[in-house]
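K.L.:
This is the structure I have questions about; it appears just below.
The values are calculated or read from the model by the stated rules, or taken from the named source; none is laboratory data. Here the structure is a predicted model, which is why all the values come from computation and not from measurement. Here Cβ is always computed from backbone atoms with ideal geometry, including for glycine, and neighbour counts include all displayed protein chains. Side chains are part of the model used for accessible areas, which takes the heavy atoms of the whole protein and leaves out ligands, DNA and RNA. Shrake-Rupley method; radii C 1.70, N 1.55, O 1.52, S 1.80 Å.
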Amino acid sequence: MALHLRSSSSLLKSTLLNILRQNLGFGSRSHVTRHIRQNLPHDPPLRGSRNPIRRFCNTVAEPETLSSFGQHEDASNHQVMDFPGGKVAFTPEIRFISESDSDRVPCYRVLDDNGQLITNSQFVQVSEEVAVKIYSDMVTLQIMDNIFYEAQRQGRLSFYATAIGEEAINIASAAALTPQDVIFPQYREPGVLLWRGFTLQEFANQCFGNKSDYGKGRQMPVHYGSNKLNYFTVSATIATQLPNAVGAAYSLKMDRKDACAVTYFGDGGTSEGDFHAALNFAAVMEAPVIFICRNNGWAISTPTSDQFRSDGVVVKGRAYGIRSIRVDGNDALAMYSAVHTARGMAISEQRPILIEALTYRVGHHSTSDDSTRYRSSDEIEWWNKARNPLSRFRTWIESNGWWSDEAESDLRSRIKKEMLEALRVAEKTEKPNLKNMFSDVYDVPPSNLMEQELLVRQTVNSHPQDYPSDVPL
Amino acid sequence: MAALLGRSCRKLSFPSLSHGARKVSTETGKSLNLYSAINQALHIALDTDPRSYVFGEDVGFGGVFRCTTGLAERFGKNRVFNTPLCEQGIVGFGIGLAAMGNRAIVEIQFADYIYPAFDQIVNEAAKFRYRSGNQFNCGGLTIRAPYGAVGHGGHYHSQSPEAFFCHVPGIKVVIPRSPREAKGLLLSCIRDPNPVVFFEPKWLYRQAVEEVPEHDYMIPLSEAEVIREGNDITLVGWGAQLTIMEQACLDAEKEGISCELIDLKTLLPWDKETVEASVKKTGRLLISHEAPVTGGFGAEISATILERCFLKLEAPVSRVCGLDTPFPLVFEPFYMPTRNKILDAIKSTVNY
C-alpha cells in the first residue's frame with residue numbers, strides 16, 4: 001500500500017487517504033454502541049472524533065471505485081474488501097514492504113556545524129532573552145556536570161551521570177515547553193529542571209542526600225524530582241516512565257489543560273517493552289504526549305547497531321500511527337523549533353508526537369563506566385570539539401550581537417563559583433533523620449514499620465559504632 | 001482437648017468503625033452475586049468522584065466477568081474504556097493517571113496475566129511516593145484482577161499470585177471473601193491513598209450470593225475479622241478458601257472440635273494483632289490458601305505467629321495449601337486444599 005501511495009498523483013493520494021481515514025475505525029469500541037447511549041452533557045467528544053467508528057459492514061468484495069491504482073489498468077483485478085479495521089485494496093502481486101526505505105529519514109537542522117543559519121531553513125524565532133537563557137543554561141549544565149563528575153572522582157559523591165554533549169536537547173527542549181507541561185525524565189535530563197529554576201544548591205542537595213534533598217536521601221545521586229516544577233522523580237528503571245507519561249497526558253486531556261506530557265528516554269530505552277506499550281497507548285488514547293528520544297549512539301557499551309535494525313527510532317512512530325520527526329539534537333535552534341511545533345500539535349490536535357534527537361553521549365555512561373574500553377577516545381574527542389552543541393549555538397547568538405567573550409567568561413566564572421559553593425554547603429549539611437527511612441512507604445506508616453523502626457533504634461543504641469554517625473536519630 | 005460445649009451458631013464480629021463506616025454485617029440489602037456487588041462498587045466510585053476512571057481489556061462492553069456492566073454507558077467512553085492488550089501499558093498508564101490526582105481503577109483480565117505489569121507495580125507504583133520524598137504519589141491506583149480456582153481453569157486461569165505482591169513494601173493487597181465484603185473493601189481500596197492490588201475470587205462471581213446493602217459503604221483495610229468463634233484452633237484464610245474452611249469447621253464441630261475462623265481480608269499490611277489474640281486463646285493455628293505452599297503467604301503468617309505466640313502453641317502451625325505444581329487441569333481436585341484435607345489437619349493439630 002505504501003508503495004502505491006508514493007507513485008500516485010497527489011489528488012489520488014489525498015482521496016485515498018480520506019477513504020482510509022473514514023474507514024480506519026476503532027473496531028472494538030463499536031461493542032459499546034450495542035446499548036443505546038444517552039447524550040450525556042458531560043461527555044465531550046474527546047476521543048474518536050476524528051475517526052468515527054465504522055466497523056466492517058460488507059463481507060463481499062466490491063469493485064474498486066477509484067479510477068486506478070498504480071500502474072495496473074485491469075479493473076477486474078482491483079477490488080476493495082472490507083475487513084475489521086477498514087477497507088483495503090487487493091493486489092495480485094506478491095510484494096513485501098521493504099525492511100527499510102532506500103534513503104534514511106532526513107534530519108531536521110537549522111544551524112550548520114559552524115553555527116551558521118542554513119539558508120531557507122524553517123525555525124521558530126526566539127527572542128534575545130530566551131536565546132541567551134538557552135545558551136547560559138547550556139553552559140551552566142556543562143559546568144555543573146563537570147564539577148559534580150570531578151567531585152565523585154575525588155570521593156565526595158558516591159555516583160554521578162553527566163549529560164555532556166546533550167545540553168542542547170536538555171535546555172532547548174525545556175525552553176520550548178511551558179511550566180505546566182509535565183515531565184517524565186529518564187535520568188540524563190537535569191537541564192530541563194535547570195531551565196525551570198532548580199538551583200545548583202538543590203541539585204547538590206539531592207546528590208549528597210542531605211536533609212534538604214526533596215527526595216529525603218532515599219535515592220542515588222541524579223535521581224531528581226520536583227513537584228513544584230512538574231518534573232516527576234527519576235527512577236533508574238529504563239523506559240518505565242513512558243506509559244506513565246501517557247496516563248498523565250490523558251489526565252491533562254480530560255481536564256482540558258493547555259498542557260502536554262513530555263517524556264525523555266535514550267536509544268536503549270526504545271527496546272524496552274514499555275516503549276512499545278506507551279506509543280501504542282498514546283496513539284489509541286489520542287493523548288497529548290511528546291516522546292523525546294535522545295539517540296546518543298550508546299546504551300552503556302551497546303552501540304545502536306546492537307540495539308535495533310530499523311532506521312533509528314523515528315520510523316517506529318509510524319508503526320503505531322504517531323507523527324514523528326528526526327532532529328539534530330546538537331542544534332539548539334532546531335531542537336527548540338521541533339519541540340515547540342510538536343507541542344502545538346500535541347495540544348491542539350490531542351495527539352502524541354515522537355521526536356528522535358540525534359546526538360552523541362560525550363561522557364561515560366556514568367562514574368561507574370570507562371567508555372574508552374569500548375570506543376576510541378578519538379571518537380569522543382571529535383564529538384566533544386567539532387560537534388559541540390554549545391559552540392554552534394554560541395556562534396549564532398554572537399552573530400546576533402547577543403553574546404560576547406566577556407559575557408562568556410563572566411558567566412563561567414560565576415557559575416563555577418556558585419557550583420563549588422553549592423557543593424561545599426551540600427556536603428556539610430546533615431543527612432535526613434532516620435525516621436525518614438520509615439515514612440512515605442505508605443501515606444501513614446503501618447504497624448509493621450512502626451515496630452521495625454523501634455527495633456532499628458534499639459539496635460543502633462546498642463551498637464552505635466556500626467552505624468553512620470552523620471544520620472541524625 | 002476438644003471443647004465439648006462448642007458454640008454451634010456462627011457469630012459474626014463487627015468490623016471496627018472508622019471513617020464513619022457503618023455496621024454493614026447485619027444490614028439487609030439486595031441479593032447480589034460477587035460480580036454485581038463489584039459492579040455496584042464501581043458505579044458508586046465513578047459517581048462519587050468525577051476524576052475516576054475504569055479501564056482495561058474488554059471493560060467497555062461490561063468485561064469478561066461482567067464486573068464493569070453499564071459503566072461506559074453511564075459515565076461515557078472517556079472515563080470507562082477498553083485498552084490495548086498490554087498489561088504493562090495498562091498499569092503504567094494507570095500510574096500516570098493516578099500520579100496526576102485521579103483514581104485509576106485498572107482491570108487485569110486474569111491474575112494469571114498480571115506479570116507483565118509486575119515491573120510497573122513493584123518498581124514504579126510501590127515506590128512512587130517514597131522515592132519522591134512524598135512530592136508525588138499514585139495512591140489513586142487500584143488494580144483489580146480475578147484470581148483463583150474455577151474448576152476447569154488450568155495453569156492460566158486459576159492462579160493465586162498474592163504472595164508475590166505481599167513482598168512489596170508500598171502497595172496493599174486485599175482479597176474479599178463474599179459479595180458484601182467485596183463491595184465495601186473495593187470502595188476502601190479505591191479511596192485508600194495508596195496503590196492497591198485487589199484480587200477477586202472468580203469462583204464466587206456467580207456462585208456467591210448475599211444480601212448487599214445498596215448504599216455507599218466502606219470496610220476498613222488491614223483489619224481481619226473473626227467470622228466464627230471457637231476455642232480449640234484458629235484457622236486463617238482469605239477469599240474463596242474461607243467457604244471451604246467454614247465447611248471443615250462445621251465438620252470438626254461434629255467431632256467436638258471448636259474452631260475459630262479468621263478472614264484476613266488485607267494481606268498487606270496484615271492485621272497481626274487479631275490473629276495473635278486468637279492464637280493466644282486457642283494455642284493452635286492452621287492456615288489455608290490455594291496458592292502453592294512453598295513461599296506462600298501462609299509462611300509469613302506462620303513465622304510471625306511463631307515469633308509472637310511460641311510459648312502458647314500446643315502444636316506446630318499447619319498449612320493446608322495448594323501443591324508445588326503449576327495449577328493442573330485434570331488433577332485440580334487433588335491439587336486443591338479441600339475440606340477433607342483441612343479437617344484432617346485440624347484433627348492432627350488438635351491431637352498433636
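K.L.:
Please go through the range A:364-443 and write out the GluC sites (Glu not before Pro) that DSSP classes as loop and that have at most 15 other C-beta atoms within 10 Å.
P.N.:
A:Glu430
K.L.:
Just to be sure I understand the model, the point goes 7 Å from the Cα along the line to the Cβ. What's the resulting B:Asp49 to A:Met450 distance in nm?
P.N.:
For B:Asp49 paired with A:Met450, the spin-label model returns 2.5 nm.
K.L.:
Cut-off under 22 Å on the C-alpha distance; same-chain residues fewer than 8 positions from B:Lys280 excluded. Which lysines are left, in chain and number order?
P.N.:
B:Lys11, B:Lys265, B:Lys272, B:Lys312, B:Lys347
K.L.:
If you find the alpha carbon centre of the range B:131-158 and of the range A:141-170, how far apart are they in angstrom?
P.N.:
Rounded to whole Å, the Cα centres lie 39 Å apart.
K.L.:
For the pairing of chain B with chain A, what total accessible surface becomes buried, with a 1.4 angstrom probe, in square angstrom to the nearest 100?
P.N.:
The B and A chains share an interface burying roughly 4700 Å².
K.L.:
Over the whole of B:54-66, what's the average partner chain Cβ count within 10 Å per residue? Rounded to a whole number, please.
P.N.:
Mean inter-chain Cβ contacts per residue within 10 Å come to 2.
K.L.:
Using a 1.4 Å probe over the heavy atoms of the protein chains, calculate the carbon and sulfur portion of the accessible area of the protein assembly as shown as a whole percent.
P.N.:
On the way: 18750 of 34720 Å².
Heavy-atom surface of the protein assembly as shown belonging to carbon and sulfur, 1.4 Å probe: 54 percent.
K.L.:
Multiplying the sequence separation of A:Thr302 and A:Asn433 by 0.36 nm and subtracting their Cα-Cα distance, what value in nm do you get?
P.N.:
43.1 nm
K.L.:
Quick check on the protein assembly as shown: take the gyration tensor over C-alpha atoms, sort the square-rooted eigenvalues as a ≥ b ≥ c, and tell me if it's rounded (a/c under 1.5), prolate or oblate.
P.N.:
Oblate, since a/c reaches 1.5 and b/c is not below a/b.
K.L.:
Now for a separate question. Mind listing which chymotrypsin sites (Phe, Trp or Tyr not before Pro) in the range B:278-339 are in a DSSP loop and have 15 or fewer other Cβ atoms within 10 Å? Don't skip to the end; give the middle numbers.
P.N.:
On the way: sites: B:Phe297, B:Phe310, B:Phe331, B:Phe334, B:Tyr335; in loops: B:Phe331.
Counting only loop positions with at most 15 other Cβ atoms within 10 Å, the chymotrypsin sites (Phe, Trp or Tyr not before Pro) in the range B:278-339 are B:Phe331.
K.L.:
Here's a follow-up. What is the calculated FRET efficiency for A:Ser271 to A:Thr199, with r their C-beta to C-beta distance and R₀ = 35 Å, to the nearest 0.05?
P.N.:
Efficiency at R0 = 35 Å is approximately 0.50.
K.L.:
So, one more: Could you give the accessible area per residue of the range A:134-265, probe 1.4 Å, as a whole number in Å²?
P.N.:
25 Å²
K.L.:
Evaluate the charge dipole of the protein assembly as shown about its Cα centre and quote only its size in Debye, nearest 20, assuming +1 on the Cβ of each Lys and Arg and -1 on the Cβ of each Asp and Glu.
P.N.:
Here the size comes out at about 1460 debye.
K.L.:
So for chain B, averaging the separation of alpha carbon pairs under 8 Å that are six or more residues apart and normalising by length, what relative contact order in percent results?
P.N.:
19 percent
K.L.:
Quick one: check the C-alpha center-to-center distance for the range B:258-306 versus the range A:251-277, whole angstrom.
P.N.:
The range B:258-306 and the range A:251-277 have Cα centres separated by 43 Å.
K.L.:
Follow-up question, since we're still on this one. When a/c is below 1.5 the answer is rounded, else prolate if a/b is larger than b/c, else oblate, so apply that to the range A:110-256 with a ≥ b ≥ c taken from the square roots of the Cα gyration tensor eigenvalues. Present the calculation step by step, with values, prior to reporting the outcome.
P.N.:
Values: a/c = 2.04, a/b = 1.22, b/c = 1.68.
The shape class here is oblate.
K.L.:
Kindly rank A:454-465, A:348-359 from highest to lowest mean number of other beta carbons found within 10 Å of each residue. It would help to have the intermediate numbers written out before the result.
P.N.:
Details: A:454-465: 10.5, A:348-359: 23.8.
Descending mean neighbour count gives A:348-359, A:454-465.
K.L.:
Which of the three applies to the range B:162-270, rounded, prolate or oblate, going by the alpha-carbon gyration tensor with a ≥ b ≥ c and a/c under 1.5 meaning rounded?
P.N.:
It comes out prolate by the Cα gyration axes.
K.L.:
Using a 1.4 angstrom probe, figure out how much accessible area chain B has per residue, in square angstrom, rounded to the nearest whole. Walk me through the intermediate numbers first.
P.N.:
Values: 12470 Å² over 352 residues.
I get 35 Å² per residue for chain B.
K.L.:
Once you have the Cα-Cα distance between B:Asp216 and B:Asn340, take 0.36 nm times their residue separation minus that, and quote the gain in nm to one decimal.
P.N.:
40.8 nm
K.L.:
Order the peptides A:85-92, B:219-226, B:27-34, A:256-263 from the highest to the lowest mean number of other Cβ atoms within 10 Å of their residues.
P.N.:
A:256-263, B:219-226, B:27-34, A:85-92
K.L.:
Also, I was wondering about something else. Which lysines, if any, have their Cα less than 20 Å from the Cα of A:Lys253, not counting same-chain residues under 8 positions apart?
P.N.:
Those lysines meeting the cut-off are B:Lys77.
K.L.:
Hey, what's the range A:400-473 come to in accessible area per residue, 1.4 Å probe, Å²?
P.N.:
With all protein chains present, the range A:400-473 gives 65 Å² per residue.
K.L.:
Using 7 Å Cα-to-Cβ label points, what is the A:Glu408/B:Glu307 separation (nm, one decimal)?
P.N.:
6.3 nm
K.L.:
Quick one: net charge of B:Ser158's neighbours, Cβ under 14 Å, K/R +1, D/E -1?
P.N.:
In short, -4.
K.L.:
Okay, next question. Among B:Asn194, B:Asn102, B:Asn134, which one shows the biggest mean-square fluctuation in a GNM of chain B, springs joining Cα atoms closer than 10 Å?
P.N.:
Looking only at B:Asn194, B:Asn102, B:Asn134, the largest GNM fluctuation is found for B:Asn134.
K.L.:
Further, regarding this structure: Ordering A:Trp382, B:Trp238 by accessible area with a probe of 1.4 Å, largest first, what comes out?
P.N.:
Values: A:Trp382 125, B:Trp238 5 Å².
Result, largest first: A:Trp382, B:Trp238.
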